């Protein structure tokens, strides 16, 4: 039987081309532009003294995230958020925050907050997973610089985290869906995983038909494989910047 070929020529288990440009925003403590196919997201990390009131006097820091899409990031103009963000953006920024908090040693951050801002320049599927993957690069670079400057202790990270989408398209489990595939997928799943191989977040929805355990295992295997590739891309981007 011939291997399944997708509309863009990729095999079922292939990522789109991934490029991470570190220090894309030079004024940020840490930043990168992450490009996953035609999806592009700017991720910045900003170190701010102090923590939310409920975190005060604990000796521990905090990490939080914000996510947004620029007006022309999709085919139709998206309105800028007003006082209240749309529910989708709120959901996604909570996911980003949870994923990144899973790799932070709060006591080494001290009573300081790291703000992660993820702004989508262009959306072609997988914006939330690209944001998580890019936000880790920005966070790692910011923490390294803050430690070097004496603003926090070294070793504030306990691992890396990256994320990818998987799904069932035309009855086949596939990795890293673009918009065309995502909009027609029978099952859509987003997975975040730490460098040690343990999952942080698994979101899955049967869009048009239920899926079985065998398909679930298939998708998780693909996600694990894809995330391992993304972890290598992250590490190389951070190391490359560290040598400059």
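No value in this document is a laboratory result; all are computed from the given coordinates. Remember, it's a predicted structure, so these values are computed and weren't measured experimentally. Backbone-built Cβ (ideal geometry, glycine too); neighbour counts: all protein chains shown.
Springs between alpha-carbon atoms under 10 Å, Gaussian network over the chain: tell me which of 221, 16, 88 tops the mean-square fluctuations. Looking only at 221, 16, 88, the largest GNM fluctuation is found for 88.
With contacts defined as alpha carbon pairs under 8 Å and 6 or more residues apart, what's the relative contact order of the chain in percent?
21 percent
Normalised by the number of residues in region 171-212, the mean separation of alpha-carbon contacts (under 8 Å, six or more apart) gives a relative contact order of 35 percent.
To the nearest ten degrees, helix 127-148 and the longest principal axis of the Cα atoms of the chain are 20 degrees apart. Our summary gives region 135-196 a relative contact order of 31 percent, counting only alpha carbon pairs under 8 angstrom and 6 or more residues apart.
Region 187-244 and region 35-49 have Cα centres lying 18 Å from one another.
Please work out whether region 1-78 counts as rounded, prolate or oblate from its C-alpha gyration tensor, where a ≥ b ≥ c are the square roots of the eigenvalues and a/c under 1.5 means rounded, while otherwise a/b larger than b/c means prolate and anything else oblate? It comes out prolate by the Cα gyration axes. Pick from 149, 126, 110: which is most flexible by mean-square fluctuation in a GNM of the chain where alpha carbon atoms under 10 Å apart are linked? Judging by the Gaussian network model, the answer is 149. Taking the chain as the reference, fit the longest principal axis to its C-alpha atoms, fit the long axis of helix 213-242 to the helix C-alpha atoms, and give the angle between the two in degrees, 0 to 90, nearest 10. That helix lies at roughly 40 degrees to the long axis. For the chain, the longest principal axis of the Cα atoms and the long axis of helix 87-101 meet at an angle of about 60 degrees.
When a/c reaches 1.5 or more, the comparison of a/b and b/c decides; with that in mind, is region 133-212 rounded, prolate or oblate per its Cα gyration tensor?
Working: a/c = 4.53, a/b = 2.95, b/c = 1.54.
Judged from the Cα gyration tensor, region 133-212 comes out prolate (a/c at least 1.5, a/b above b/c).
Rounded if a/c is under 1.5, else prolate if a/b is larger than b/c, else oblate: which is the chain, with a ≥ b ≥ c the root eigenvalues of its Cα gyration tensor? Here the chain falls in the prolate category.
When you count the other C-beta atoms within 10 angstrom of each residue and take the mean per peptide, 180-188, 4-12 line up highest first as 180-188, 4-12.
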